[in-house]
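Data block below; observations after.
The values are calculated or read from the model by the stated rules, or taken from the named source; none is laboratory data. Here the structure is a predicted model, which means the values were calculated and not measured. Cβ sites come from the backbone with ideal geometry, for glycine too, and all protein chains shown count toward neighbours. For the accessible areas, the whole protein counts, side chains as well, though only heavy atoms, and no ligand, DNA or RNA atoms are used. Shrake-Rupley method; radii C 1.70, N 1.55, O 1.52, S 1.80 Å.
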Amino acid sequence: MAKYDPSKVEAKWRSRWESQATDKVDLVGAKKPFYNLMMFPYPSAEGLHVGNLFAFVGSDIQGRYHRLLGYDVFEPMGFDAFGMHSENFALKNNRHPAELIPKNIERFRESQLKKVGLMIDWSHQVDTTSPEYYRWTQWMFVMLYKNGLAYRKTGPVNWCPSCKTVLAAEQVIDGECERCQSEVTKKEMAQWYFKTTAFAGELLDELDRLDWSERTKLAQRNWIGRSQGAEVVFKFADGTPFSVFTTRPDTLYGATYMVFSPEHPLVDQIVTPEQAPFVKAYRDEVARLTEIDRQAENREKTGVFTGAMAVNPVNDSLIPIWIADYVLMGYGTGAIMAVPAHDARDHEFAVKFGLPIIEVVSGGEDVQKQAYTGDGDLVNSDRFNGLEAKTKGLTAITEMLAAKNLAKFTTNYRLRDWCVSRQRYWGPPIPIIYCDKCGIVPVPEKDLPVMLPTLSDYRPDGTGRSPLTRDESFHKVKCPTCGESALRETDVSDNFLCSAWYFYRYPSTDFSDRPFDDEMTKKWLPVDLYVGGNEHAVLHLLYSRWLCRALNHCGYIDFQEPYKRFVAHGMIVSNGAKMSKSRGNIINPDLYIDEFGADSFRMYLMFMGAYLEGGDFRDGGVKAMKGFLDRLVAACLAPEGQTLSQKPPTEAESLFWLNSTVKAVGQDIARFSYNTAIARLMELVNFMTKNKVRSQSISETLTRLLAPFAPHLAEELWESLGHSQSVFDSGWPLYDEAACRRPEVEYVIQVNGKVRGKLSLAVGLTEAEIEPLVMENPGVAKWLEGKTLVKKIYVPDKLVNLVVK
RNA sequence: GCGAGAGUGGCGGAACUGGCAGACGCACCGGUCUUAGGAGCCGGCGGUUUUAACCAUAGGGGUUCAAGUCCCCUCUCUCGCACCA
């Protein structure tokens with residue numbers, strides 16, 4: 001190699017990898033399978049984003065590293081091409097997504113992904129919009145339905161007026177649509193749901209055992225949100241029972257009123273004629289509020305009295321029933337007992353409406369002024385007085401009621417069922433048919449896929465009905481059971497369903513008669529390593545965990561968690577600011593790759609910050625990295641026996657550099673500390689350059705260490721160093737632990753904790769051996785004059801600290 | 001409000017179980033080569049003062065022979081959840 005020209009080198013190796021199928025894995029014969037998964041991208045018209053590349057390169061390094069370690073690494077790629085993003089883009093540009101998507105995919109793969117040097121086995125590509133794929137997405141839906149994990153329900157849903165569709169709770173971020181940031185409103189609609197709550201407890205508990213990034217687990221824990229307490233039966237004045245959920249059954253004696261959610265169905269039955277107009281007005285007002293209004297911070301409590309009374313089961317006292325929007329229909333039973341003395345929200349409400357506040361737990365200052373939520377003993381609670389409230393008191397009161405069938409211990413989760421229907425066009429049609437005679441009929445498996453028809457007008461109309469409803473030939477069908485006229489479901493499913501199972505498909509793309517093959521799945525799943533962005537913590541990552549449990553529950557797979565390990569990478573910013581079109585600081589990866597090469601670009605992305613934390617992309621960084629690779633090439637390929645420096649390094653020194661670099665780079669890659677791994681490579685190159693060291697073994701080792709980061713260049717160097725096979729078949733270099741220690745160590749000599757001298761000494765000397773040397777040291781002796789030595793601290797091979805007075 | 005994480009030179013960032021703070025790189029400064037340098041190579045680069053010290057890891061206290069690292073308090077930022085009973 002004369003001079004390092006990345007464009008030539010990269011083109012050469014790209015075509016060689018392709019012609020020799022270097023990245024293709026023998027899925028059946030693999031001996032040490034390693035499934036290295038990255039989050040498949042949405043093929044946008046704008047092209048790949050640096051964020052995508054940052055994620056992919058970090059993952060690819062793991063794939064290549066494992067390959068060097070001797071694993072059969074399967075690193076597939078696909079396209080998450082259904083969904084509103086594509087549809088909205090097509091709408092805006094007056095095109096059809098079916099026409100745009102294939103072009104985008106082509107561009108992503110051919111002119112972007114393939115140029116980055118990812119070790120992708122393209123023979124297993126997946127495209128969620130192809131009928132061969134979404135046939136099985138629909139199969140998942142039917143499977144879930146048949147197993148009671150999918151159901152249709154009418155109720156309040158999140159509606160995005162801009163996207164003109166409903167959204168799942170997970171897709172509403174701070175009251176706004178995850179896609180378009182419009183304010184989400186509530187609507188009453190019939191929708192399809194998946195019973196994500198069915199596995200809420202397992203999904204939460206299993207997190208403790210998962211090898212995942214802590215922050216991802218934390219986000220899921222918060223989202224699933226378990227609270228333990230009791231369901232307590234109260235009665236209306238006429239004796240009709242109803243129940244409420246509370247985490248503090250110990251405070252039952254302090255319940256001074258009840259609150260129902262405004263949407264609660266029982267409100268109509270209990271409201272008294274005098275209060276009815278006020279209740280109606282309040283409910284209307286609440287219905288008009290958006291989620292943002294309703295959740296607004298520090299919002300003053302509102303509510304009205306229903307006129308009805310309830311009986312407290314512990315003491316038969318009569319307490320008023322109110323409705324207020326601080327009680328949510330979707331949680332617990334949609335009704336609460338209010339204990340203003342020991343709950344801040346109830347306290348605020350009670351103060352505003354002049355409701356009584358009764359202290360039942362001791363320890364607070366003045367519960368009339370402020371709710372006390374801390375620990376204490378029960379008071380004003382009959383025979384339970386004196387018991388420690390949150391422990392013994394809670395148990396005793398609940399058990400007393402439970403004996404009368406008036407309470408039971410329960411657990412509630414914040415998690416809601418996954419609303420999966422979408423009133424949009426660009427998605428997999430929900431495979432359901434409604435028949436007057438047979439009711440809900442899932443489309444039989446032999447009739448799948450339900451093909452998405454090509455509609456010229458696919459614009460959502462905001463009526464709450466999908467555009468597909470306008471296609472009569474699609475909408476009107478015969479019932480598969482009885483043959484009578486029936487109507488097809490026209491909603492499509494949430495595109496998070498497509499992505500919830502794609503990694504089962506990759507190893508099984510050769511099978512057209514099943515979603516995934518048992519043998520392949522046994523061999524390759526669960527995924528060994530999944531690297532991706534944490535923004536999917538409670539979306540894709542939660543949905544796919546749930547679906548995995550569902551598949552397991554229904555007997556299709558024998559594992560319960562889809563990913564053995566998940567690592568969340570950081571976010572990258574551009575020159576200190578978040579990347580955005582309006583700031584004009586979007587980075588176009590293609591420009592850098594064209595000018596400096598993919599290897600320099602990859603390495604800079606990995607060097608600019610800690611991979612798990614994110615980094616700051618600075619102009620000039622890629623160029624500097626190209627400069628480093630130039631120096632590396634020069635150092636590796638320098639002619640042997642060139643002029644050596646005046647003081648050539650000893651054999652031991654060279655060995656130290658070589659071995660300690662191998663050790664450190666391996667450890668750093670394993671913990672995703674790519675920036676420090678690259679720094680190590682730089683140090684080794686600096687050592688070689690500075691000392692004019694040229695040795696075949698150092699060059700070869702350096703090349704192999706470089707390979708995961710800069711694969712094209714590593715191949716080229718490996719060839720130049722006289723090898724004919726791929727560097728990725730050469731194995732990861734081994735190191736000698738003993739040689740990782742410096743031949744000489746520099747002892748730090750401190751006096752009273754301050755550095756006063758240094759001594760270069762052989763490794764492994766004892767305290768007695770070095771003591772005279774320390775005392776003689778002129779820099780040290782000066783600080784000892786006229787002082788008494790009180791204490792000596794000796795840390796082998798590191799430091800001596802003399803404490804004097 | 002609750003929970004988690006973070007705060008280190010002009011900048012991006014290092015520092016594993018407490019043991020030389022600032023690895024590695026960018027920017028900058030100086031030198032060299034050159035018709036030229038926005039190329040290459042060599043050197044310097046936290047601050048105050050200069051033979052030698054002292055001060056520095058958001059701020060304040062503490063533990064220790066020794067603290068960026070451990071403990072307590074305060075401030076700031078980022079993220080997650082948020083009227084979830």
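Things worth noting here:
- Cβ-Cβ distances below 9 Å connect the following pairs, each with a first residue in the stretch A:544-560 that is free of Cβ contacts under 8 Å to residues at least 12 places away in the same chain, a second residue that is open to solvent by 20 Å² or more (accessible area, probe 1.4 Å) and polar (S, T, N, Q), and a separation of six or more residues or different chains: A:552/A:560.
- Top-ranked residue in the stretch A:151-176 [being in a strand (DSSP E or B) and within 12 Å of RNA strand B (Cβ to nearest atom); ranked as surrounded by the fewest Cβ atoms within 10 Å (Cβ to Cβ)]: A:173
- You will find that of A:574, A:580, the residue that is surrounded by fewer than 16 Cβ atoms within 10 Å (Cβ to Cβ), within 25 Å of the chain's Cα centre (by Cα) and either among the β-branched types (Val, Ile, Thr) or modelled with pLDDT under 95 (or both) is A:580 and no other.
- Residue count for the stretch A:117-133 under the criterion of being in contact with a helix residue (DSSP H, G or I) (Cβ under 8 Å, 6 or more places away or on another chain), open to solvent by 10 Å² or more (accessible area, probe 1.4 Å) and within 19 Å of residue A:98 (Cα to Cα): the result is 3.
- The C-beta contact set for the stretch A:577-600 (first residue in contact (Cβ under 8 Å) with a residue 24 or more places away in the chain, second residue basic (Lys, Arg), distance under 7 angstrom, 6+ apart or interchain) comprises A:593/A:115; A:596/A:623; A:596/A:626; A:597/A:626; A:598/A:115; A:600/A:626.
- The set of residues from the stretch A:317-334 being more than 14 Å from RNA strand B (Cβ to nearest atom) and either at positive phi or assigned to a loop (DSSP other than H, G, I, E, B) (or both) comprises just one member, A:317.
- So residue A:566, is it more than 8 Å from RNA strand B (Cβ to nearest atom), buried (at least 23 other Cβ atoms within 10 Å of the Cβ) and touching a residue at least 40 places away in the same chain (Cβ under 8 Å): yes
- In the stretch A:207-236, the residue that is most open to solvent (accessible area, probe 1.4 Å) out of those that are more than 9 Å from RNA strand B (Cβ to nearest atom) and of a type in the set (A, V, I, L, M, F, W, C) is A:233.
- Residue A:729 being free of Cβ contacts under 8 Å to residues at least 24 places away in the same chain, under 30 Å from residue A:73 (Cβ atoms) and more than 16 Å from RNA strand B (Cβ to nearest atom): yes
- Filtering the stretch A:389-416 to residues that are open to solvent by 50 Å² or more (accessible area, probe 1.4 Å) and not charged (D, E, K, R) leaves A:391, A:395, A:403, A:405, A:409, A:411, A:413.
- The C-beta contact set for the stretch A:669-696 (first residue within 18 Å of residue A:740 (Cβ to Cβ), second residue open to solvent by 30 Å² or more (accessible area, probe 1.4 Å) and near RNA strand B (Cβ under 6 Å from one of its atoms), distance under 8 angstrom, 6+ apart or interchain) comprises A:673/A:610.
- Whichever residue in the stretch A:244-269 is within 11 Å of RNA strand B (Cβ to nearest atom) and open to solvent by 10 Å² or more (accessible area, probe 1.4 Å) and, among such residues, is modelled with the lowest pLDDT: A:263
- Of residues in the stretch A:336-352 being closer than 19 Å to residue A:300 by Cα and in contact with a strand residue (DSSP E or B) (Cβ under 6 Å, 6 or more places away or on another chain), the one nearest to RNA strand B (Cβ to nearest atom): A:336
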